[in-house]
Amino acid sequence: MSAPHTAAATAPDSTATTAARQLADFASRSREAGLPDGLREKVTGHLLDLVGNSLAALPERPGAAVRELVEEWGGTPAATAIGSAVRLPAPSAALVNGTLAHTLDFDDTHLPSVLHPSASVLPAALATAEAGGATGAQLLVASAVGIEVTCRLGMAQYDEALGNSVFFDRGLHATAICGAIGAAVAAALLRGLDADGICSAIGISASMGAGIIESNRTGGTVKRVHCGWAAHAGVVAADMARLGLTGPPTVLEGRFGFFQAYCGERFDSDSIVPALTDGLGERWECARLFIKPYPCNHFTHAGMDAAMRLRRRGLDPARVAGLTLGVPAPVLRTIAEPAAEKARPRSGYHAAFSGPYTVATGLLAEPGTATATESGPGRATGRGAIHRGLGVFHQDFTDEAAADPARLALAARVSCVADEECTRVFPHQFPAVLTAELDDGTTMTERVMVNKGSPEHPLTAGELTAKFLANALGTGDEQAVRALADRIGDLAAAPDTTALTRALAAVAPGVHR
């Protein structure tokens, strides 16, 4: 990575105190200061998680379709697409990898902003770091800063009274529109832009992010591309700023800026700058990401955990006469409506957004404990055994599984309702209460108020490794998969990303060729 690049003379005034400028100054300072203790390791863990999720998504059509498209585009090889040794232009690699990262809805989550920051930011950072020869430490710093900016943009429109993100309530995919800006910040840092240039990258990328979430309700695969497009936009915006294109310094809080455009009458100009900048560099929102243990919509996780707890308590699914799933009121539109479609999902992907289906799946799951060991430290148990240990995994969200008569019979017995306690907690957690009525009229209830994988209930190192292995062992042999995990673990000391990208290409060399 080169020394900080001085932007053109027409760049925003370096004395400005706009929100974009403050974020740019924070990014520039972080490049020099590095990350606080513990945060580098946390970002490394999120990168491991993202790579595993992306490898597992390789057989799915969205990633393949995007890869075919960018190969039609062509361009100068500069960065690696996961699952192939073929190199692509950096924006194209970011588009492919961001699509893969979000394809299975298994990527990490930030609350209460309700967005998935890593799936946009990390693909942009990986592509730009490889293209520009950045060190592993520089990649991790840029990733953390980009994620932080993404999270704070999402937090700026969390409405406490509404109990929800204004973006989400209006049908906007905060992940995509905020992620484009966070990706641009990460890419701009890795391209060596100074604070003026980073500010312009923010201003440019704000015109590029897009995404609506109607597919959560009624299907379609376009949402899987949202993070890829945001990553692509971020790389392009940073390169435009590098070459002298500028953005409006008031792009976030201005009269015709980002928040006014997306939030309309709910835009509170007085709260935006404090929400974005209070404690910036001291309180890191990116330290509070949730890692998903299950490959489905995050709103469904607590219901599945409640179902698995009931099973461990001895509940026999054959004796279930009815099930009541209580969730936060805003969640119902995503996992419970339309009720008839949620009870009989049309595909495995659709099933991942169904409260009734996921509760049924949790009740039918084999109880177990996630592990990455067998006969010695770090030895794999085999993909099938890891799947069983995790409880619910990809095999539960195939089209065949979604049509399973046993699951559908149980799903038909699930009624989804708003629960007052869950609504009060949301969206700081995605809680659920599940009550099973048995054939003798007795009931059993489980409440899950803190999500597994949250900062309050984090996945153990063994569970995180088990998730990675279960994802990655489907696309490569164990030796290659473990070598890749080692390269990610060693990234902080790496002089560049060469070893990492070679390991990425080696895991699935025949996929997408």
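Overview of results
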read-out: Most to least packed among 360-366, 415-421, 329-335 [average Cβ atoms within 10 Å]; value: 360-366, 329-335, 415-421
read-out: Degrees between helix 355-364 axis and first principal axis of the chain (Cα, 0 to 90, nearest 10); value: 60 degrees
read-out: Computed magnitude of the charge dipole of the chain (debye, nearest 20; Cβ of K, R +1, Cβ of D, E -1); value: 700 debye
read-out: Alpha-carbon centroids, the stretch 238-266 and the stretch 308-351: separation in whole Å; value: 41 Å
read-out: Separation of the ARG319 and ALA33 label points, Cα + 7 Å toward Cβ, nm; value: 5.8 nm
read-out: Derived scalar couplings ³J(HN,Hα) [the stretch 343-352; Karplus, 6.51 cos²θ - 1.76 cosθ + 1.60; whole Hz; x for Gly, Pro]; value: 6, 9, x, 7, 7, x, 5, 4, 4, 5
read-out: Accessible-area value, TRP73, 1.4 Å probe, nucleic acids and ligands omitted, Å²; value: 120 Å²
read-out: Efficiency of FRET between THR218 and TRP73 - r from beta-carbon atoms, R0 45 angstrom, step 0.05; value: 0.90
read-out: Solvent-accessible area per residue for the chain (1.4 angstrom probe, square angstrom); value: 35 Å²
read-out: From phi via Karplus (6.51, -1.76, 1.60), per-residue ³J(HN,Hα) for the stretch 317-329 in Hz, x at Gly/Pro; value: x, 5, 9, 6, 8, x, 9, 10, 9, x, 9, x, 3
read-out: Per-residue ³J(HN,Hα) for the stretch 234-247, Karplus 6.51 cos²θ - 1.76 cosθ + 1.60, θ = phi - 60°, Hz, x for Gly and Pro; value: x, 5, 5, 4, 5, 5, 4, 5, 4, 9, x, 6, 10, x
read-out: Cα gyration tensor shape for the stretch 284-327, rounded if a/c is under 1.5, else prolate or oblate; value: prolate
read-out: Whether the stretch 101-172 is rounded, prolate or oblate, judged on the alpha carbon gyration tensor where a/c under 1.5 counts as rounded; value: prolate
read-out: Euclidean distance of C-alpha centroids, the stretch 471-486 and the stretch 85-118, integer Å; value: 19 Å
read-out: GluC sites (Glu not before Pro) lying in DSSP loop within the stretch 186-288, provided at most 13 other Cβ fall within 10 Å; value: GLU214, GLU282
read-out: For the stretch 174-331: rounded, prolate or oblate by the Cα gyration tensor [a/c cutoff 1.5]; value: prolate
read-out: Extension gain from VAL417 to LEU243, taking 0.36 nm per residue of separation minus the Cα-Cα distance; value: 57.3 nm
read-out: Stretchable slack from MET444 to ALA493, in nm (0.36 nm times residue separation minus alpha-carbon distance); value: 12.5 nm
read-out: Packing rank of 499-508, 114-123, 442-451, 200-209, where each peptide gets the mean count of other beta carbons within 10 Å, highest leading; value: 114-123, 200-209, 499-508, 442-451
read-out: Principal-axis tilt of helix 478-489 within the chain, Cα atoms, nearest 10 degrees; value: 50 degrees
read-out: Farthest positive-ward along the stretch 66-183 dipole, Cα basis, beta-carbon charges - from ILE177, ALA131, VAL86; value: ALA131
read-out: Percentage relative contact order, the chain, counting C-alpha pairs under 8 Å, at least six apart; value: 20 percent
read-out: Over the stretch 386-513, relative contact order from alpha-carbon pairs under 8 Å, at least 6 apart, %; value: 16 percent
read-out: Cα long-axis angle, helix 195-205 against the chain (0 to 90 degrees, to the nearest 10); value: 50 degrees
read-out: Residues with amide H under 5 Å from that of VAL417, placed H, sequence gap 5 or more; value: LEU325, GLY326, VAL327
read-out: For peptides 181-194, 297-310, sequence by mean Cβ density within 10 Å, most packed first; value: 181-194, 297-310
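The values are calculated or read from the model by the stated rules, or taken from the named source; none is laboratory data. Remember, it's a predicted structure, so these values are computed and weren't measured experimentally. When we count neighbours, we look across all protein chains shown, and the Cβ atoms used for this are built from the backbone with ideal geometry, even at glycine. Only protein heavy atoms, including side chains, enter the accessible area calculation; ligands, DNA and RNA are left aside. Shrake-Rupley method; radii C 1.70, N 1.55, O 1.52, S 1.80 Å.
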